[in-house]
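Reading through the structure tokens given below for one structure.
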Amino acid sequence: MSTMSLARLAAAGTVVAVLAIGTAACGPSDDSASSAGTSGTAAGTTGSTAGTAPSASASAPASASAPAQKKEDKPAVKAAFKGDGTFQVGSDIKPGTYKTSGNDDGMCYWERDKDAKADTDSILANDTVAGSSYVTIKPTDKIFTSTDCKDWFAAGADKPGAPKTSMGDGMYKVGTDIAAGTYKTKGGETCYWERTKDALHDVDSILANDNVTGQGVVTITAKDAYFKTAGCGTWTKTG
């Protein structure tokens, strides 16, 4: 749960404890044409002179080469559900872990709810997202709300390449999206990061977190499930 989300709850009158320890073409068939020459004979009274017209044979045109075969695009992975809407868990969407990416404007907001009353007490967890995000929706959740987010996909539906060694704002799966190791950033006035053991976004999910002013350094371990960062600029692996 980000500090922005906690602030939202606090503004709604909920007392929130902030954890601080330190988000074929086949070618056309050949077409040939030929013409046979005609022979003509002029007969004289005492002799004959046979005049034969030369044979005119039109050569067949060269076959047109087959057009290059267009490479078919791979089918796009289908989204599990849209980035805008309120969904009932179990009927509209299934429990599981989902990912959204490309929320560069920082306006994406989601929440897990225990009921459909829409009270602040209904909220189990929430977040305001910049970049990518993961969330695990439990079978016991009743409602999931998503506003101004990109579409959600089942986690693991895409096939990323090797884990990256640098990252900006977002939430990343350790060992899949990013490599474990020690990272450094020049930071900023609003830099926040957290290491988490799952994507439930509960306070108990957080293994460690910090609000950083200036340069930041953090070691992400192979046992961490996710790493979340906001407002920190670019993190680069140094070890």
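One table, with the values for the structure above:
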quantity: Solvent-accessible surface (1.4 angstrom probe) belonging to THR236, in square angstrom, nearest 10; calculated: 70
quantity: Cross-link partners of LYS82 among aspartates and glutamates (Cα-Cα below 13 Å; sequence separation of 8 or more within a chain); calculated: ASP92, ASP148, ASP151
quantity: Theoretical FRET efficiency, 1/(1+(r/R0)^6), r = Cβ-Cβ of THR120 and LYS223, R0 41 Å, to 0.05; calculated: 0.75
quantity: Simple label model, 7 Å out from Cα along Cβ direction - MET107 to THR234, nm; calculated: 2.7
quantity: Sulfur and carbon atoms: percent of accessible area, region 137-239 [1.4 Å]; calculated: 52
quantity: Karplus-derived 3J(HN,Hα), 6.51/-1.76/1.60, for each residue of region 220-236, Hz, glycine and proline x; calculated: 9, 8, 5, 7, 5, 8, 9, 10, 10, 9, 8, x, 9, x, 9, 8, 10
quantity: 26 Å Cα-Cα threshold exceeded, pairs from LYS117/LYS159; LYS94/LYS114; LYS164/LYS228; calculated: LYS117/LYS159
quantity: FRET efficiency, 1/(1 + (r/R0)^6) with R0 30 Å, evaluated for ALA76 and LYS197 via beta carbons; calculated: 0.40
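The values are calculated or read from the model by the stated rules, or taken from the named source; none is laboratory data. Here the structure is a predicted model, which is why all the values come from computation and not from measurement. Methodologically, a virtual Cβ is constructed for each residue, glycine included, from the backbone with ideal geometry; neighbour enumeration extends over all protein chains shown. Only protein heavy atoms, including side chains, enter the accessible area calculation; ligands, DNA and RNA are left aside. Shrake-Rupley method; radii C 1.70, N 1.55, O 1.52, S 1.80 Å.
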